[in-house]
Amino acid sequence: MNILAVVEEFPGASDVFVVEQGSALVHAGYHVTVAAGKRGNTQTIYRQDATPRANLTVRSLAPLDSSGVRPLATMLARAVIAIARSMVRSPFGTWRFARRCRAGGRSALRSNLLKYTQFLAFPADVVHFESPAMAARYPKLGSLLGLPSVVTFRANDVRALEVASDHKRQATIEQLRDVRAIQCASNGLARRTHDALSATSDKIRIVRPGVAIARESVDASPAELPVIAMIAPLRYPAGLEYLLLALARLRDDGIAFEARIAGGGPLRAYGKYTASVLGLSENVKWLGPLTTDSMADLLDTAQIYVTSALEEDVTRHSVQAMAHGLAMVTADVFGCGYTELVRDGDNGFVVPSRDVAALADRLRRLIVDPSESRAMGRSARERVAAEFSIESQNRQIDELYAKVRA
């Protein structure tokens, strides 16, 4: 099956879809074409995930602004090339596309041809938008190509709708009218999406992130000090300040530890400054963005994984950490799914959001009692193997695509 993934940037913010889900689809036998508004160095993706090049194709999208001579020439050139390729592959499909583009009259024909013809060059059975923003950018794509479409919703997407005006929310519902399914990572996020988009709630499907247990479940090599790991984009709502305040409490209590925070983003400089002000420069190491191998090395040497996010989906990083046998401490954020991953007192701890004292207390408990930490880590691995394996994710995505194509 051919999947057309429409993303804002690759590699970049869209890594969440392409690396975490798209690469899994490729290894499962799908062909994934990534149509990206911005394009970076794809060699890092091939190198990190050993993704078969033949089954992962990356293409750049023409800019939507055709007011200048150069953008218009680019769009026209790509349209001509796409039509030529499509005529070779499917003359009747190309004719049907042209008829659909003409449905709104002459002005709609010109606009649709310039904007959507480039997609004819991409083989596809299903269109998968990485976000509602991309679905809104190309609202007619599925209907013009005659293909079912899926859009992924994340916590920040739902939050934007929750605070939007009624007019904006209704406009989003209208833009998603032709979408066959909305993908969410957890039951909690699905409930929030249902409340925000009640008119399309019947389309919501859950696909939990998964990891390859056999490859990533390894014995950790202990460091000199207990290591607390966090991997996250360092931007709002990472809740970085609450984690640093909790770490400062541990330091003040004489608890020896080393925190290793991985990820890039606008809050990294702020985090380093805050850590310095709190006197944590020797306790906190800032690792920056990591490759897949470097991420595995970090998790191999850590004993505890923590996330203090104020608004975040269940991430693959968190599932990876638990697959590596790490106990996890997470904040209880409404509708973000971490309570579905972490069972309080069994494979980690769930603390109230923004509760610095509770976060520090649970981290302290795992540091001073390594046997409890190891027991929770073993339970975490079992939890991931049971419900968050790559096989489970692929089965759910197979069911999703089969349903939208039915």
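Readers should treat all values here as calculations from the given coordinates under stated rules, not as data from a laboratory. As the structure is a computational prediction, the values presented were derived from the model and not from experiment. Here the Cβ positions follow ideal geometry from the backbone for every residue, glycine too, while neighbour counts run over all protein chains shown.
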Compute the FRET efficiency between Arg99 and Gln170 as 1/(1 + (r/R0)^6), taking r as their Cβ-Cβ distance and R0 = 35 Å, and round to the nearest 0.05. 0.75
Students often check this: by mean Cβ neighbours within 10 Å, which of 168-177, 259-268 ranks highest, and how do the rest follow? 259-268, 168-177
Considering only Cα-Cα distances, which of the following residue pairs are longer than 28 Å: Lys168/Lys272; Lys38/Lys285; Lys140/Lys203? Lys168/Lys272; Lys38/Lys285
Using 7 Å Cα-to-Cβ label points, what is the Asn2/Ala256 separation (nm, one decimal)? 6.0 nm
